[in-house]
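These notes concern the structure reproduced below.
We did not get these values from a lab; they are worked out from the coordinates using the rules stated. This is a predicted model, so every value here is computed, not measured. Note that each Cβ is placed from the backbone with ideal geometry, even for glycine, and that neighbours are counted across all protein chains shown.
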Amino acid sequence: MQSPLTHMLRGGIFFGLTTIMAIAGYMWAGWDLLDAVYMTVITIFGVGFGEVRPLTEPWLRVFTMFVIMAGCSSAVYVIGGFVQMVAEGEIYRVLGARRMTRGIELLQNHVILCGYGRVGQHLARELQAAHQQFVIVDTVMEQLRDAEAAGLLVLVGDATEEAVLKTAGIDRARVLASVLSSDAANVFITLTARELNPKIEIIARAESNSTEKKLLRSGANRVVLPTMIGATKIANLISRPSAESLLIDAEGKQHLNDELDHIGLKLQEFELTEGSPLVGQQIREIEVSGASGFVVVAVRRADGVVVQQPVSTFMLNLGDTIILLGHRDHLASIARKTIAKREIRYRGSTT
């Protein structure tokens with residue numbers, strides 16, 4: 001079957017050729033250009049105003065009949081291609097949405113994944129690898145198109161709304177995972193989900209420690225703080241004999257950052273240069289300003305000595321390098337406000 005665009009293109013070419021031939025034919029019969037164009041228009045479009053000049057010659061009448069048939073046919077051909085394009089797109093959209101809705105309706109004991117950002121995408125891959133049935137709920141169409149193209153069940157909508165969660169099968173679901181980057185949104189989703197299904201297990205993501213208590217009070221069974229998970233992982237690595245190589249070796253940082261990136265975190269170095277307001281301050285000054293989600297995991301002195309797990313009263317000096325763990329956006333914000341970011345090179349590349 002021809003595509004609608006090809007349909008319209010061929011019809012347009014034929015219509016254009018018919019128009020040119022009609023104008024040329026009337027001019028060959030002795031008509032001036034304006035009369036020829038006017039006669040062609042009213043003939044092709046069937047307006048019926050009557051001939052500009054009497055069609056006394058038989059061949060001219062036959063020619064006019066040809067113009068009528070060719071012009072109308074090509075116009076109908078073009079319009080048909082346009083209608084086909086619109087109709088097919090609408091039909092595919094409706095059928096696709098219907099198939100998607102039908103697939104969600106058949107789910108039982110499934111997982112509802114609210115949010116398809118970095119954390120949500122990684123979680124979806126893990127669930128798919130574990131052969132878990134799940135449906136993704138998000139408002140960002142660009143992200144959901146990729147998920148839909150991969151054959152995943154998606155639902156466009158705000159997960160804080162009851163109607164959206166009902167469509168996702170909240171009454172039949174086993175687990176709801178709310179992994180949006182907004183703590184407020186995760187709290188609202190938890191409240192709504194717990195009200196709709198008191199028995200469902202709710203796992204929520206939190207960016208700050210204060211939100212953890214709110215989520216638990218709202219009905220979450222478990223709360224995950226990506227920053228704390230990353231900090232614990234790094235602390236465990238630091239406590240090993242190879243900790244110093246982790247904090248100095250670029251390849252070790254890159255490998256660790258690749259793992260942390262799956263949960264939206266990054267390990268970053270910042271050097272305290274001349275004029276930095278943190279010189280002469282204590283570690284707690286950074287951790288207080290970083291309440292939005294990062295922790296200090298180590299400090300490397302100017303002489304190369306690495307201080308592991310520094311206490312909050314640890315004093316910072318000029319030339320010290322602070323190793324922070326946090327979300328990329330938060331780290332960039334802190335770098336702009338307080339400290340000069342030092343470029344870290346991994347095998348010749350700059351990050």
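Tell me which residues come under 5 Å, amide H to amide H, from LEU318 once H is placed; ignore anything under 5 positions away on its chain.
Correct list: GLY280.
Spin-label point model (7 Å from Cα, Cβ direction): what's the ASP32 to GLN132 distance in nm?
Label-label distance for ASP32 and GLN132, simple model: 8.1 nm.
Could you put THR211, THR139, THR313, THR6 in order, starting from the residue whose Cβ has the fewest other Cβ atoms within 10 Å? Show your work: numbers first, answer last.
Details: THR211 20, THR139 16, THR313 8, THR6 11.
Sorted ascending by nearby Cβ count, the order is THR313, THR6, THR139, THR211.
Ranked highest first by average number of other Cβ atoms within 10 Å, how do 176-189, 67-80, 141-154 line up? Could the numbers behind the result be given before it?
Working: 176-189: 22.1, 67-80: 16.5, 141-154: 14.6.
So the peptides 176-189, 67-80, 141-154, ranked by packing, come out 176-189, 67-80, 141-154.
Report the calculated FRET efficiency for ASN221 and THR139 (r = Cβ-Cβ distance, R0 = 22 Å), to the nearest 0.05.
Details: r = 25 Å, r/R0 = 1.12.
The formula returns an efficiency of 0.35 here.
Ranking THR40, THR64 by Cβ neighbours within 10 Å, fewest first, what do you get? It would help to have the intermediate numbers written out before the result.
Numbers: THR40 23, THR64 18.
Result, fewest neighbours first: THR64, THR40.
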